Amino acid sequence: MSILVALFRLILPLVLLGAFVAPAHAKPTREEEIQARIDAELEAMARQQEAAQPETDAPAAPPVEEPAVPARIYRTVPVILTTSLGDITIALEVERAPLTAANFLRYVDEKRLDGTAFYRSFTYEGGSATGFIQGGTQNDPKRILPPVPHEPTSQTGLSHTDGVISLAQAAPGTGNGDFFIIVGDMRGFDATADQPGFAAFGKVTAGMDVVRAILAASRSPTRGEGVMRGQMLEPEVRILSARRAPAS
């Protein structure tokens, strides 16, 4: 009897241990099969999503800044008008207004402007500082050359703004040895679809103080014809000489 009790005590722990440890060859339950199938499907879906995910784009390279294109510089020829009130330096647009600039240079080179004058000053009423001064040969037959073809601002790209010099003319293609210099903004003299305008051909680069002094000079209340009456300078401002500026 004691031997049987001893054997029972020896076997009982092994039986209890087997109740908690499933044998390796035991078949999975139905719940375990379902869970395994769900796990497999979830893993397959994860692999599909991973394969369909687009590759992360590399960070965009910073935009390459294009170097600024410098404004085109057109060739000009400087001329100095020496007047009784001081010097006026003008850059003639020989590239953009070649015909009109060449005409003026011929008057300079042949000294046809020496001894002429600024004879007219125009400003708007009401004390405006905007206007122009006009000078040149005054159609002196001993000085004038044949008229120059008209070069409108719509062709040259120039405009009648402060300091611009332009050819005086009664009609397009009639200008010769008379010119005017703008003070302020007078783009109403530019060419339009309906009007030929005047032919700008250069700009004052030094001596605008002299130009303004001429604009403010005294005028005769009676001299001048038509629209020019009351605009004639008295006394006139002499142009002592007109020369190409020395090469710098």
Using the beta-carbon distance between L99 and Q138 and R0 = 25 Å, what value does 1/(1 + (r/R0)^6) give for FRET efficiency, to the nearest 0.05?
0.70
For the range 127-248, what are Rg and Dmax over the alpha carbons, in angstrom?
14.8, 45
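How long are the three semi-axes of the equivalent ellipsoid of the range 172-216, in whole Å, if each is the root of 5 times an eigenvalue of the C-alpha gyration tensor, listed from largest down?
So the three semi-axes of the range 172-216 are 23, 13, 9 Å.
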Neighbour-limited loop hits for GluC sites (Glu not before Pro), the range 93-197 (at most 16 other Cβ within 10 Å; DSSP other than H, G, I, E, B)
E95, E110, E125
Points 7 angstrom from Cα along the Cβ direction at S84 and D209: gap in nanometres?
2.1 nm
Under 14 Å from the Cβ of K142, count the other residues' Cβ atoms, weight Lys and Arg +1, Asp and Glu -1, and hand me the total.
0
Positive minus negative residues near P196 (Lys, Arg vs Asp, Glu; Cβ under 14 Å):
-3
Which net charge results for the neighbourhood of V77, defined as the other residues with beta-carbon distances under 10 angstrom from its beta-carbon, given Lys and Arg at +1 and Asp and Glu at -1?
0
If you plug each phi of the range 99-112 into the Karplus form 6.51 cos²θ - 1.76 cosθ + 1.60 with θ = phi - 60°, what whole-Hz ³J(HN,Hα) values come out, in order, with x for Gly and Pro?
5, 5, 5, 5, 4, 5, 4, 5, 4, 5, 5, 8, 6, 6
Packing-based exposure ordering (other Cβ within 10 Å, fewest first) of K142, K111, K203:
K142, K111, K203
Assuming R0 = 30 Å, can you tell me the calculated FRET efficiency for the pair D114 and A71, based on Cβ-Cβ distance, to the nearest 0.05?
0.25
Using packing as a proxy for protection, rank 237-246, 83-92, 185-194 so that the peptide with the highest average count of other Cβ atoms within 10 Å comes first.
83-92, 237-246, 185-194
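No lab work stands behind these numbers, since they all come straight from the coordinates. Fair warning: this is a prediction, and the values are worked out from it, not measured in the lab. Note that we place each Cβ from the backbone using ideal geometry, even for glycine, and neighbour counts take in every protein chain shown.
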